[in-house]
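Please read through the structure below; I'll follow up with questions.
The values are calculated or read from the model by the stated rules, or taken from the named source; none is laboratory data. Note that the structure is predicted; figures quoted are calculated from it, not measured. All Cβ positions, even for glycine, are placed from backbone atoms using ideal geometry, and neighbour counts span all protein chains on display.
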Amino acid sequence: MNYPDLPSAFPVLLHGFMLSFGLIVAIGAQNAFVLRQGLRREHVGSIVLWCAVADALLIAAGVLGMAQALGERPGLARVLAFAGAAFLALYGWQALRRASQRHAMQASAGAGTTRLTQGAALAQAAAFTLLNPHVYLDTLLLVGSIGAQQPAPLRGWFIAGASGASLLWFTALGYGARWLAPWFARPAAWRVLDALIGVTMLVLAAMLLRLGLGG
């Protein structure tokens, strides 16, 4: 099997990066927790590493597991392509809808004044990651099914792109919290970000629809 080099694999790498980044940036409990710990400068490295590694493992499991499932059921690939396109279109529409509203992440909610031990902080990070049903729908099913439809030699690049987006986001969120918090507190900034996410998701939905149609 000939493995493609980076220039030829870059579109797939970028596809994985854009998809993962668009899904992970949405406001949620996990992001709020990482941002809060970054503001308090408590166990940031451990938490960022946990979140990034957990995402990478889930992404790889999703892509490789779905690849086997799709290999055994060729017709399932087209069904998942259409379902994924519909999901991304809905996700993009919701992001564009949020872009027209006023909202901001509340990183300080429930922060308290008690300093967490490293074990307690990691336990909370694990709970926010693994007890969130969306992580399985987004990472294992959606990202996994899209990645599995890439040619076999390119799946590793797709996983690398998607995992890289997760690592970049959590690193920026945890270590850049002191500088990012004022930005996150401005509703206008979230509206701009949601607008970009919405457009990205709609573009990815169109690409996936084209794939399902055999284009």
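Answer with yes or no whether Leu154 is without any contact (Cβ under 8 Å) to a residue 24 or more places away in the chain and within 25 Å of Ala77 (Cα to Cα). Full working, then the answer.
Numbers: without any contact (Cβ under 8 Å) to a residue 24 or more places away in the chain: no; within 25 Å of Ala77 (Cα to Cα): yes.
Judged against the criteria, Leu154 is not a match.
Right, something else. Can you report the number of residues in the stretch 50-70 which are surrounded by fewer than 22 Cβ atoms within 10 Å (Cβ to Cβ) and over 19 Å from Gly164 (Cβ atoms)? Talk me through it step by step, then tell me what you get.
Applying the first criterion (surrounded by fewer than 22 Cβ atoms within 10 Å (Cβ to Cβ)) to the stretch 50-70 yields 50, 52-54, 56-57, 60-61, 64-65, 67-70.
Within this subset, residues satisfying the condition of being over 19 Å from Gly164 (Cβ atoms) are 65, 67-70.
Residues meeting the conditions: 5.
Just to check your reading of the model, which residue among Gly22, Gly16 is closer than 27 Å to Arg98 by Cβ, at pLDDT below 90 and either of a type in the set (D, E, K, R) or in a helix (DSSP H, G or I) (or both)? Outline the logic, then answer.
Details: Gly16 fails: at pLDDT below 90.
Going through Gly22, Gly16 in turn, just one is closer than 27 Å to Arg98 by Cβ, at pLDDT below 90 and either of a type in the set (D, E, K, R) or in a helix (DSSP H, G or I) (or both): Gly22.
Pull up the stretch 159-215, narrow it to residues that are among the charged types (D, E, K, R) and exposed (fewer than 15 other Cβ atoms within 10 Å of the Cβ), then point me to the one that is nearest to Ala81 (Cα to Cα). Step through it out loud before you land on a result.
Of the stretch 159-215, the ones among the charged types (D, E, K, R) are 178, 186, 191, 194, 210.
Cutting the leftovers down to exposed (fewer than 15 other Cβ atoms within 10 Å of the Cβ) gives us 178, 186, 210.
Values: Arg178: 40, Arg186: 36, Arg210: 9 Å.
Out of the qualifying residues, it is Arg210.
Right, next: Tell me whether the stretch 95-115 contains one or more residues that are part of a helix (DSSP H, G or I), in contact with a Phe, Trp or Tyr (Cβ under 7 Å, 6 or more places away or on another chain), at pLDDT 85 or above and not aliphatic (A, V, I, L, M). Outline the logic, then answer.
Start the filter on the stretch 95-115 by keeping residues that are part of a helix (DSSP H, G or I), which leaves 95-99.
Filter once more, keeping what is in contact with a Phe, Trp or Tyr (Cβ under 7 Å, 6 or more places away or on another chain): none.
No, the stretch 95-115 contains no residue that is part of a helix (DSSP H, G or I), in contact with a Phe, Trp or Tyr (Cβ under 7 Å, 6 or more places away or on another chain), at pLDDT 85 or above and not aliphatic (A, V, I, L, M).
Every residue in the stretch 37-49 that is in a helix (DSSP H, G or I) and surrounded by fewer than 19 Cβ atoms within 10 Å (Cβ to Cβ), please. Lay out the reasoning, then the answer.
The first filter runs over the stretch 37-49 and keeps only residues in a helix (DSSP H, G or I), leaving 37-40, 44-49.
Selection gives Leu39, Arg40, Gly45, Ser46, Leu49.
So, one more: Are any residues in the stretch 188-207 touching a helix residue (DSSP H, G or I) at 6+ places or on another chain (Cβ under 6 Å) and more than 16 Å from Ala89 (Cβ to Cβ), and if so, which ones?
Within the stretch 188-207, Ala189, Arg191 meet the criteria.
Filter the stretch 190-211 for residues that are charged (D, E, K, R) and modelled with pLDDT of 80 or more; which is farthest from Ala32 (Cα to Cα)? Break it down into steps so the answer makes sense when it comes.
Initially, the stretch 190-211 is screened for residues charged (D, E, K, R), giving 191, 194, 210.
Then drop every residue that is not modelled with pLDDT of 80 or more, which leaves 191, 210.
Numbers: Arg191: 17, Arg210: 35 Å.
By that ranking, first place goes to Arg210.
Starting from the stretch 167-180, keep only residues that are closer than 11 Å to Leu39 by Cβ, then list their pairs with residues that are hydrophobic (A, V, I, L, M, F, W, C) and in a helix (DSSP H, G or I) whose Cβ atoms are within a distance under 6 Å, requiring at least 6 positions of separation or different chains.
Leu173/Val34; Leu173/Leu35; Gly174/Val34; Gly174/Val44; Gly174/Val48; Ala177/Leu35; Ala177/Leu39
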